[in-house]
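Student: Mind having a look at this structure? Questions to follow.
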2 protein chains.
Amino acid sequence: MATLCSLQSFLLQHPLHPSPKIPSLLPHKQHPRPKPSTVSCTAVRPPPVSISVANDRIFNFAAGPATLPESVILKAQAELYNYRGSGMSIMEMSHRGKEFDAVIKKAESDLRRLLAIPDDDYAVLFLQGGATTQFAAVPLNLCAPGDAVDYVVTGSWGDKAFKEAQKFCKANLIWSGKSDKYTKIPSFEGLEQNPNAKYLHICANETIHGVEFKNYPTPSNKDAVLVADMSSNFCSKPVDVSKFGVIYAGAQKNVGPSGVTIVIVRKDLIGNAQPITSVMLDYKIHADSASLYNTPPCFAIYICGLVFEDLLEQGGLAEVEKNNTKKAGILYDAIDGSNGFYVCPVEKSVRSLMNVPFTLQKSDLEKKFIKEAAKEGMIQLKGHRSVGGVRASIYNAMPLAGVEKLVAFMKDFQARHP
Amino acid sequence: MATLCSLQSFLLQHPLHPSPKIPSLLPHKQHPRPKPSTVSCTAVRPPPVSISVANDRIFNFAAGPATLPESVILKAQAELYNYRGSGMSIMEMSHRGKEFDAVIKKAESDLRRLLAIPDDDYAVLFLQGGATTQFAAVPLNLCAPGDAVDYVVTGSWGDKAFKEAQKFCKANLIWSGKSDKYTKIPSFEGLEQNPNAKYLHICANETIHGVEFKNYPTPSNKDAVLVADMSSNFCSKPVDVSKFGVIYAGAQKNVGPSGVTIVIVRKDLIGNAQPITSVMLDYKIHADSASLYNTPPCFAIYICGLVFEDLLEQGGLAEVEKNNTKKAGILYDAIDGSNGFYVCPVEKSVRSLMNVPFTLQKSDLEKKFIKEAAKEGMIQLKGHRSVGGVRASIYNAMPLAGVEKLVAFMKDFQARHP
């Protein structure tokens, strides 16, 4: 009979958390797994490997794919081989089988709870292709080629969305923050919206520039809808979904791994796609099939579901927002209190709770700053290649301890470079 | 210091392979994970859980997502929490970081080795959206709206591809197996190709109907190219890539989980997309960015990479084909040797090595057959809802033992129903 003995021997060959300090456990190839039944119990020794999680895990400030809740990763790991007694990995399951059916339904239902999405009025779709695919899908589904639509562009992602829309309708750029290097959000009163525009498009949080809408404009045309790319602040705070016609978000910031895009679309907007719309970009196809028209990205949806459970267990998005506000506050305070050693260019009232870009007054020190931080276990702090500087992405799953460690490092770095 | 003791206690809460027979270990929610440091060693008992792999694992005959190599799942599980000492999960890593860069480059390079893809002449793209997205991308990239293209339709997937292409060019149906219920492949000599067709499209293996091309037609227009949807027989046997302009395949049959689509495209065909092509459907965008234009489905690509390694370790696709031929042979022999108790409707010369559809002469027994097989650990044998009957998908990763068990069950079932 297999006992703990074989469990031990299995884990010696498949360490859950190989410590980089113990090279003998690391090179997986050098330890072909023996059949558990052939391993003698007496040969097994307690492995000298620490599974202390905090020691192994680094703080990952990447803008996306980004850090995920540790509990979600551990749960996914524990059930990756045999999903809840099914005898299969979640990766191997038919998307039309009962197990995955339960996964996707629960993910949708939990997301509806988190964001209080009205069941009757909105469809929730789990799609592929990232927000970039939605840059085309939105105009293709919401308007005819001759229709006018309005774009407020507060950063690079909004700009990409605007440019893609020009292929499919008459897209107007009604405001751009480009001349201010995307550090502002316009006042809504001053926006010159087109009276016939079918929708008004915003990017709720610009990942590269760290500019975030704190409230939302209303389309002046009463038949128009507000559309938001929420990729990088999705589920970071409560949102009144009823103000939007379409919300879309790539998962790989706050809610999952890359490979799944969530679209929340008001049902009356579905069913009018342009004739040149490929089936995969047609909201009606996916809404009618409950996101199962073709094979969905099952594993990514499963992980999103675990994250939604985790967010609900935390008390929902109001609690999540509190944590995010606290974390961002500590970091912005450190920047603003540095006597100009660190500078955040973004207007204070619209600073992102998710992506905190900053520069060093002595810009030649930035490379050193990023390198030394990495040595201390804080990685991916380099600003986007288009803007340079430093960027700390502190999504939901970044622990407070990560931000505190970064701030302590910033203070120490400043002290060492007077 | 953390020792095996905390490892044991951790695993008690996060069993790698929870046995359905031990309910106390199953309901994850009822066992909130205590911090390892708070667990007393003396409280930990060896868990009465078998990790014997073969006992827990069922045989999954699903058409896709489908069974994966067991070694790949175990490896993915072992390194899911801390990818090779990086302190992060592969799910959390920036797609522009050095770790993922190595993953995607090795995946591409291993796939090129497996299929002997000429480096200079073909691009390999890792995309999203499934083959269904390629149904649109192929015409959008390969022809103008007025161009003629030819489709040979040998099953449901080819038919979907043909219908989608009609949106974007003049798609001609030059042969259809529909009247024969998709049980045949035409003789190539008799095909009436359009002399100006830009490409000739086939579906190399029809997943639903079990019809597989054993060799390939040549476009009669010497400037035209052959395009193949190889989703369900990709990497199941060697293929002379140089015969094709485009090969595309959803990963979720032979090479990975759902969520990534591989496109192999001749480089001179890239760069002529129709103006209405969304950026995400434009091969040039992805080829110029080495599949990193936007965030790719990183985890799915990582798993494909592990599968490619596994296929190379098996000796490459010639060896893989040998195994597949053997497995399919055993199953078709059992069907053909059943004196009509089991019937495969597909013409013998074009029977798929991957998807084996069959019916029972006494069709009222099919439900019972599928149910009893499931009880014996062989699941997902139900035929596609559009055709009914039974279907055994026996992709690369289905062990010979799975086919042997199925055949033994078939014989026993027949004996019990004279």
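The values are calculated or read from the model by the stated rules, or taken from the named source; none is laboratory data. Note that this is a predicted model, so its numbers are computed, not measured. A quick note on method: Cβ atoms are made from the backbone with ideal geometry, for glycine too, and the neighbour counts reach across all protein chains shown.
Student: Considering only residues that are surrounded by 20 or more Cβ atoms within 10 Å (Cβ to Cβ) and charged (D, E, K, R), look in segment A:77-131 and name the one that is nearest to the other protein chains (Cβ to nearest Cβ).
Tutor: A:92
Student: Moving on. Hey, could you check segment A:175-206 for residues that are hydroxyl-bearing (Ser, Thr, Tyr) and under 13 Å from residue A:150 (Cα atoms) and say which is surrounded by the fewest Cβ atoms within 10 Å (Cβ to Cβ)?
Tutor: Checking each candidate, the answer is A:176.
Student: Exactly one condition in (1) out of contact with any strand residue (DSSP E or B) (no Cβ under 7 Å at 6 or more places or on another chain); (2) more than 13 Å from every other protein chain (Cβ to nearest Cβ); (3) in contact (Cβ under 8 Å) with a residue 60 or more places away in the chain is not met by residue A:145; state its number.
Tutor: (2)
Student: Inside segment A:373-399, can you point out the residues that are part of a helix (DSSP H, G or I) and in contact with a strand residue (DSSP E or B) (Cβ under 9 Å, 6 or more places away or on another chain)?
Tutor: A:373
Student: Within the set of pairs 6 or more residues apart or between chains, which connect a residue that is free of Cβ contacts under 8 Å to residues at least 60 places away in the same chain and within 9 Å of chain A (Cβ to nearest Cβ) inside segment B:54-73 to a residue that is buried (at least 24 other Cβ atoms within 10 Å of the Cβ) and of a type in the set (S, T, N, Q) with Cβ atoms less than 7 Å apart?
Tutor: From residues that are free of Cβ contacts under 8 Å to residues at least 60 places away in the same chain and within 9 Å of chain A (Cβ to nearest Cβ), the pairs are B:56/A:82; B:73/A:89.
Student: Scan segment A:337-354 residue by residue and report those that are outside any loop (DSSP other than H, G, I, E, B) and loosely packed, with under 15 Cβ neighbours inside 10 Å.
Tutor: A:348, A:349
Student: Oh, and also: Select from segment A:229-245 the residues that are assigned to a loop (DSSP other than H, G, I, E, B), surrounded by fewer than 24 Cβ atoms within 10 Å (Cβ to Cβ) and of a type in the set (A, V, I, L, M, F, W, C) and list them in ascending order.
Tutor: Scanning segment A:229-245 gives A:239, A:244.
Student: Kindly indicate whether residue A:248 is within 14 Å of chain B (Cβ to nearest Cβ), assigned to a strand (DSSP E or B) and either aromatic (Phe, Trp, Tyr) or over 21 Å from residue A:320 (Cα atoms) (or both).
Tutor: For residue A:248, the condition - within 14 Å of chain B (Cβ to nearest Cβ), assigned to a strand (DSSP E or B) and either aromatic (Phe, Trp, Tyr) or over 21 Å from residue A:320 (Cα atoms) (or both) - is met.
Student: If you don't mind, there's one more thing I want to ask. Test residue A:324 against the criterion of being among the polar types (S, T, N, Q), surrounded by fewer than 23 Cβ atoms within 10 Å (Cβ to Cβ) and within 16 Å of the chain's Cα centre (by Cα), and give yes or no.
Tutor: yes
Student: Would you say residue A:150 is without any contact (Cβ under 8 Å) to a residue 24 or more places away in the chain, more than 30 Å from residue B:93 (Cα to Cα) and away from chain B (no Cβ under 12 Å)?
Tutor: Here the answer is no, as residue A:150 does not meet what is asked.
Student: Another question, then. State which residue pairs qualify: first residue within 19 Å of residue B:64 (Cβ to Cβ) and inside segment A:96-122, second residue surrounded by fewer than 19 Cβ atoms within 10 Å (Cβ to Cβ) and among the basic types (Lys, Arg) in any location, beta carbons under 9 Å apart, and separation of 6 or more residues or different chains.
Tutor: So the pair list comes out as A:96/B:385; A:99/A:84.
Student: Here's another thing I want to ask about it. State whether one or more residues within segment B:279-294 are of a type in the set (Phe, Trp, Tyr) and part of a helix (DSSP H, G or I).
Tutor: Checked against the condition, which is being of a type in the set (Phe, Trp, Tyr) and part of a helix (DSSP H, G or I), segment B:279-294 yields at least one hit.
Student: Here's a follow-up. Take residue A:154 and decide whether it is surrounded by fewer than 18 Cβ atoms within 10 Å (Cβ to Cβ) and either touching a Cys at 6+ places or on another chain (Cβ under 7 Å) or modelled with pLDDT of 95 or more (or both).
Tutor: So residue A:154 fails the test.
Student: Determine the pairs where a residue that is farther than 27 Å from residue A:395 by Cβ, located within segment A:208-236, has a partner that is part of a loop (DSSP other than H, G, I, E, B) and among the aliphatic types (A, V, I, L, M) with Cβ atoms under 9 Å apart, the partner being 6 or more residues away or on another chain.
Tutor: What qualifies is A:219/A:197; A:220/A:191; A:220/A:197; A:221/A:197; A:224/A:197.
Student: If I ask for residues that are away from every other protein chain (no Cβ under 14 Å) and free of Cβ contacts under 8 Å to residues at least 12 places away in the same chain, which ones from segment A:269-309 would you list?
Tutor: Scanning segment A:269-309 gives a single hit, A:288.
Student: Still on this structure: Exactly one condition in (1) within 14 Å of chain B (Cβ to nearest Cβ); (2) surrounded by 19 or more Cβ atoms within 10 Å (Cβ to Cβ) is not met by residue A:211; state its number.
Tutor: (1)
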